[in-house]
Protein chains: 2
Amino acid sequence: MRDLRPLFEPRSVAIVGASNDPAKWGQWLARGALRGAHRRSVFLVNKRGGEILGETAFTSLAELPEAPELVVLAVPAAAFEETVDAALAIGARAIVAISAGLGESGDEGRAREESVVERVRAAGAVLLGPNCNGLCDAAAEVELGLDGLAVGPIGFISQSGNLCYEVAQLAAEAGLGLSRVASIGNQADLDAAALVESFAADTHTRVIAAYVEDFRDGRAFARAARASATPVVLLAAGGSEAGQRAALSHTGALVSGSAAIDAACRAAGIVRVRTPRDLVDAAQLLLARHRPRGRRIAVVGDGGGTGVIAADVASELGLELPQLSEGLRETLAADLPATSSIANPVDLAGAGEQDFDSYGRVVGKLLRSGEVDTVLLVGYLGGYTHQSDDLALRELEVARSLADAASESGRPLVCQLMYANEPPAQLLRAEGVPVYREIERALGVLAYVATTSEGSGRDVPAYVTAPSGLVTGEGYLDARRLIEGAGVPLAECRAARTASEVLAAAEEIGYPVVLKALGLLHKSDAGGVALGLADADALEHAHARMDAALAPEGYVVERMVPTAGAVELIVGCKRDPRFGPLVVVGLGGVYAEVLHDVAVALAPAEADEIEDLILSLRGASLLTGARGRAPVDVTSVAQAAAALSRLAAAHPQIAEIEVNPLLATPDGAIGLDARIVPAV
Amino acid sequence: MRDLRPLFEPRSVAIVGASNDPAKWGQWLARGALRGAHRRSVFLVNKRGGEILGETAFTSLAELPEAPELVVLAVPAAAFEETVDAALAIGARAIVAISAGLGESGDEGRAREESVVERVRAAGAVLLGPNCNGLCDAAAEVELGLDGLAVGPIGFISQSGNLCYEVAQLAAEAGLGLSRVASIGNQADLDAAALVESFAADTHTRVIAAYVEDFRDGRAFARAARASATPVVLLAAGGSEAGQRAALSHTGALVSGSAAIDAACRAAGIVRVRTPRDLVDAAQLLLARHRPRGRRIAVVGDGGGTGVIAADVASELGLELPQLSEGLRETLAADLPATSSIANPVDLAGAGEQDFDSYGRVVGKLLRSGEVDTVLLVGYLGGYTHQSDDLALRELEVARSLADAASESGRPLVCQLMYANEPPAQLLRAEGVPVYREIERALGVLAYVATTSEGSGRDVPAYVTAPSGLVTGEGYLDARRLIEGAGVPLAECRAARTASEVLAAAEEIGYPVVLKALGLLHKSDAGGVALGLADADALEHAHARMDAALAPEGYVVERMVPTAGAVELIVGCKRDPRFGPLVVVGLGGVYAEVLHDVAVALAPAEADEIEDLILSLRGASLLTGARGRAPVDVTSVAQAAAALSRLAAAHPQIAEIEVNPLLATPDGAIGLDARIVPAV
């Protein structure tokens, strides 16, 4: 891990490009730096010298009386190299470059950044940016480009400047704030992964939030998050085509496919969200004393309507409201009037008003029951506060008893209160019980976090990046050899050319057979595949037809595998530019077209992980024996996919590798066609 | 339409059960009534007389000096009948019954309600409740049970008391409020439909919002919404199993399936939402000058990150961000600095700060272009307000120019601003431009409303409720006769009993044939269906086997229709207890199981509407000729479903009717099996 102490807790700082113009970065940075002048030396540098904000400005870095640990650059792109070099020359340990117009503007800018970064690294220094909005650290009283953000336990790493303000504002609404923020810009040197490592070591940061458009080394990001004891919430941009267009123009980002990001998040145990509000909502839940361990929730309401709505939204989000056991219902009933409903949702009905203690008792019993992973309290609590001082006090006692119940049970209590900013809500939040204003927020974030908890955080596998000794062509027979060699069974096959060779091959294999023409780009579409040839006549006829129409470089004859009781799947691997090789499993044939039902993991993946993935497909019931069919051998499918994933992870020369279809039967899995696309 | 003027604008009101206890309904109602004492006579009634809130209470309704138009009941359930009768006896025109413990508690309570309602109706009066929280009307200064709600253009009809407060509070946050609220409780007399009719005629109500658990007469609700010139937003509860459990215990509601509600909303042009916040968000959009007419949006941002996130979320919600035309991009580029992105999303980049006029110019050009249905502005606007008075003024000018651009273009502008409560946002809202705090809210509500606008509001068809002369059994041949008679082609069929009759039938039809045993509940599962019998031997053998195993009451022999190039569908009708007959179309066979891909409309439906429904199925590409297959005859499928829908709508004796599978081929559609379940 690189030492980022000089960046976030500098002993001295210089602002190059400090300015008297109130509309310029040079002034905002100088103002921010001077606010920390009681903690550290602050030097303002402007090539014209003079007085800036009451301080005498130096005309160059070389003039400074001591070497500043941190140098912040608010200079035009043209002066980027020369200023960084000057900072390194006087011994700066960290540099922040606000300057825009470099890597994000194209290849030339990127090359300029790269050469500067080489010199920064050679000097043992670090560089944040360029094209960034600076940083802040509340505990160290550092505000350089990002000012006036609410203070709290969230560390935020952002590839967007405005988003720092938006997240800070949303956090403040939930009584939260930011411990430290880094605007990462073009990530020429320090990337999101390096910052996650650093934030994980910061004692003031209790949850790490990140907005990232370009992951650079995606596996390093995932590894840093996996290694962090501090939970990580990620808002990753560019999952849509329009989003990719926008990200490219915003930061020149090379955006990863959403499935690749999902795979990395699952491997690393990262909670992935889709909006700034979600980011803050998830942070609030991750800051709670206990984290939900599954999808089962009990809903407790103090008025019927909200409980009904909560139940509907929970189901829609894939959360479960299990029926409560007879025993639990009896013990709840003992606490409640006869008009209450003690199904799940539990409706306190008028009980809350008649007996305020019923809130804590009921919630406590549900939390301790072990029948649910989380209890969600919805409703009116907090609204009595305005009715009388006595009720206001009673409500605070209720909030205290709820917080105690959650704390003792070891399971999370989450609240959705329409009076989300009244004293009871504030007390709950202060005690680590998340409180949300809207039901869809409380449930949405529970769904995000519960999903992340299931089977995630296994590991972030490594893969080979240097070309290996593997030699393979891109032809069909080459692909078959490689894939069979990796242990994936394929339908028996003989190469042949002439009619008599083809017939001899079929005799060896036994009818019915398949005839495939070789050397065609899309052999099936071109008419280069004939299935189910029952005898020599049919085979000869198919061969003659292909020879005349396609004149291929050769043929293979393959055994026609019976498809009754079998399901077609697709297994394969491809490379994401940032996250590396991915393994993809999905339903094949006509299902692929209609369902687009695929699941993705980082390669290499173990068979047991892939098996879980396959069983998570929407169409998994086709494989597990719905409607009286025999279940197919999912383990063999997973083993085949795992073998391909090892191949792809070991050989960067393979851009894509695919077995499609892979026929899954009750007794195993066998590939009927195969393909390799070499990296260019 | 019944006259609800005495309910919402009474000339006099009496509170029966008025009380001095500040924790009782009788006091809350009395307080509220007295606040309107400058507008109308207010009488407090308590059987013990005395002084209540400074007024002398009457000991019975009979004592009052004049007949109150409206009588509000805060009496125990035991006194319900006698108090209603007393109110009718003195000539009350409207009654509000807060009293709980009646219809929601079971059959006995429901019977009591029904007999009271008969007398209310006979007297020409109306009854709201029982088991309700009362009502309010801001313009008439009526507050009876619902107090202190923010005032504005939303009329709210609610089957939950707490929700009235929650919706009012959420509305206030958006600068909105409530014109009139009715808590409908058990809807013993006045139901949601009657209230929609009445709210539609209220000049102070510009959008009608409703929370409904039980629709009673669902078609009447849909018809009232369809006839209303005021738009209707609906939060319907109980779509999930847990939600149904909760609704049943909350109001004894008979909850409709979510698909039935969706069908009614589409027919009536109702915007359906799923949470209270959504309800208010949608109301805000429907109050805008112009309503979005489709899914195409342009996103304009003043900072890259928010535009990227907006694009991703929009795509996820099914909205489209079309690429802008070359011509439009050129004219936008003329307004913007070179660093701006003029793809969609458009990123003003620094242009906003350098030239505030660019906001209005760019948004105006996009709105007028016709290339999108809606423009969404996202970002920082409103944040400059705190930097200087000059910037604060410039921001207000920007807001004004944006509002003008939207007003002139005839298309809606929607804003998502992180500074959603600053003066620019307030100005925009006041000018009818919706402003949301979070991007998922702005886009979520656009998706709801755009979806509603597409092909919805066609009509709410009527259906027959009185049993007709139709006589049909539930046997297979009865079902076939009825369905063929309605014009749905079924595979050619002959009834037979003995082996020789069966063989003779097959000779007439021609091999291959299907043999089906009659009179079995699940003939296919029981082994009572033999497909693809190629010749007399196979048929005889199948007949002998069924005779021995099943001893059925008879057989049919049917033509075996070739399935190559065909797709199996399911078409049928069933009855929702509240919304009446529904027509259902979906993919059949193994797809039905994996995709659960069905679409539902109110029956009877026209073939063209059903055709649109079929093409909206997720698996529609199977029908329209994906991957080089010939498209199947969707029109014939729609005609068959339309015929079944007419049958079901005309004959309440039919509980369910189904053709499954209906085989769709490029040349038509033919049913291969049929079923009728008579109503019990």
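Quick look at the values:
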| read-out | value |
| --- | --- |
| Segment A:330-352, residues that are loosely packed, with under 15 Cβ neighbours inside 10 Å and either charged (D, E, K, R) or touching a Pro at 6+ places or on another chain (Cβ under 6 Å) (or both) | A:Glu330 |
| Subset of segment A:178-222 (residues that are within 21 Å of A:Val120 (Cβ to Cβ) and either assigned to a helix (DSSP H, G or I) or of a type in the set (Val, Ile, Thr) (or both)) | A:Ile184, A:Ala192, A:Ala193, A:Ala194, A:Leu195, A:Val196, A:Glu197, A:Ser198, A:Phe199, A:Ala220, A:Phe221 |
| Qualifying position, being over 39 Å from the mean Cα position of the chain (by Cα) and either surrounded by fewer than 20 Cβ atoms within 10 Å (Cβ to Cβ) or outside any helix (DSSP H, G or I) (or both), among A:Ala542, A:Ala548 | A:Ala548 |
| Check on A:Val567, surrounded by 15 or more Cβ atoms within 10 Å (Cβ to Cβ) and farther than 24 Å from A:Val637 by Cα | no |
| Test: A:Gly303 is among the small types (Gly, Ala, Ser), modelled with pLDDT of 90 or more and either open to solvent by 10 Å² or more (accessible area, probe 1.4 Å) or under 29 Å from A:Pro231 (Cβ atoms) (or both) | no |
| Residue satisfying condition, being among the β-branched types (Val, Ile, Thr), open to solvent by 10 Å² or more (accessible area, probe 1.4 Å) and more than 14 Å from chain B (Cβ to nearest Cβ), within set A:Val634, A:Val659 | A:Val634 |
| Residues of segment A:151-186 classified as away from every other protein chain (no Cβ under 11 Å), of a type in the set (Gly, Ala, Ser), open to solvent by less than 10 Å² (accessible area, probe 1.4 Å) and more than 20 Å from the chain's Cα centre (by Cα), total | 3 |
| Residue within segment A:200-209 that is within 14 Å of chain B (Cβ to nearest Cβ), crowded, with 22+ Cβ neighbours inside 10 Å and within 20 Å of A:Leu7 (Cα to Cα) present | yes |
| Among the residues listed as B:Ala603, B:Ala506, B:Ala530, B:Ala607, the single one being at pLDDT 95 or above, under 28 Å from B:Glu492 (Cβ atoms), open to solvent by less than 40 Å² (accessible area, probe 1.4 Å) and more than 40 Å from the chain's Cα centre (by Cα) | B:Ala506 |
| Some residue of segment A:463-483 being surrounded by fewer than 22 Cβ atoms within 10 Å (Cβ to Cβ) and basic (Lys, Arg) | yes |
| Strands (runs of 3 or more DSSP E) completely within segment A:8-92 that count 3 or more residues being out of contact with any strand residue (DSSP E or B) (no Cβ under 6 Å at 6 or more places or on another chain) and without any contact (Cβ under 8 Å) to a residue 60 or more places away in the chain | none |
| Of the criteria (1) within 22 Å of B:Ala491 (Cβ to Cβ); (2) modelled with pLDDT under 95; (3) of a type in the set (S, T, N, Q), which one B:Ser645 fails | (2) |
| Conditions (1) within 25 Å of A:Leu248 (Cα to Cα); (2) open to solvent by 20 Å² or more (accessible area, probe 1.4 Å): number failed by A:Leu88 | (1) |
| Filter result for B:Ser341 (within 14 Å of chain A (Cβ to nearest Cβ), of a type in the set (S, T, N, Q) and farther than 23 Å from B:Tyr436 by Cα) | yes |
| Matching residues in segment B:361-388 - criterion: being more than 14 Å from chain A (Cβ to nearest Cβ) and open to solvent by less than 10 Å² (accessible area, probe 1.4 Å) | B:Val362, B:Val363, B:Gly364, B:Leu366, B:Leu367, B:Thr374, B:Val375 |
| Lone qualifier among A:Leu417, A:Leu391, A:Leu396, A:Leu443 - being surrounded by fewer than 19 Cβ atoms within 10 Å (Cβ to Cβ), within 14 Å of chain B (Cβ to nearest Cβ) and within 30 Å of A:His290 (Cβ to Cβ) | A:Leu391 |
| Residues of segment A:258-270 that turn out to be more than 14 Å from A:Val212 (Cβ to Cβ) and not in a helix (DSSP H, G or I), as a count | 1 |
| Residues located in segment B:563-580, provided they are closer than 14 Å to B:Ala674 by Cα and β-branched (Val, Ile, Thr) | B:Ile570, B:Val571 |
| Segment B:223-245 residues that are more than 7 Å from chain A (Cβ to nearest Cβ) and part of a strand (DSSP E or B), paired with ones that are of a type in the set (A, V, I, L, M, F, W, C) and surrounded by fewer than 21 Cβ atoms within 10 Å (Cβ to Cβ) (beta carbon under 9 Å, 6 or more apart) | B:Val232/B:Ala200 |
| Residue check for B:Glu63: within 15 Å of B:Val96 (Cα to Cα) and among the acidic types (Asp, Glu) | no |
| Segment B:269-285, subset farther than 15 Å from B:Gln169 by Cα, touching a residue at least 40 places away in the same chain (Cβ under 8 Å) and open to solvent by 10 Å² or more (accessible area, probe 1.4 Å), residue farthest from the other protein chains (Cβ to nearest Cβ) | B:Gly269 |
| Any chance A:Thr275 is in contact with a Lys or Arg (Cβ under 7 Å, 6 or more places away or on another chain) and at negative phi | no |
| Tally of residues being surrounded by fewer than 19 Cβ atoms within 10 Å (Cβ to Cβ) and either within 17 Å of A:Ser183 (Cα to Cα) or of a type outside the set (S, T, N, Q) (or both) across segment A:10-35 | 7 |
| Strands (runs of 3 or more DSSP E) wholly inside segment A:595-672 containing at least 1 residues that are among the charged types (D, E, K, R) | A:654-665 |
| Failed item in (1) within 30 Å of B:Arg266 (Cα to Cα); (2) away from chain A (no Cβ under 14 Å); (3) surrounded by 15 or more Cβ atoms within 10 Å (Cβ to Cβ); (4) at pLDDT below 95, with B:Gly455 passing the rest | (3) |
| Residue among A:Gly54, A:Gly49 that is open to solvent by less than 20 Å² (accessible area, probe 1.4 Å) and at pLDDT below 95 | A:Gly49 |
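The values are calculated or read from the model by the stated rules, or taken from the named source; none is laboratory data. Remember, predicted model here, so these are calculated numbers, not experimental data. Neighbour counts run over all protein chains shown; Cβ positions are idealised from the backbone, glycine included. Protein only, heavy atoms only, side chains kept; ligands, DNA and RNA dropped before computing areas. Shrake-Rupley method; radii C 1.70, N 1.55, O 1.52, S 1.80 Å.
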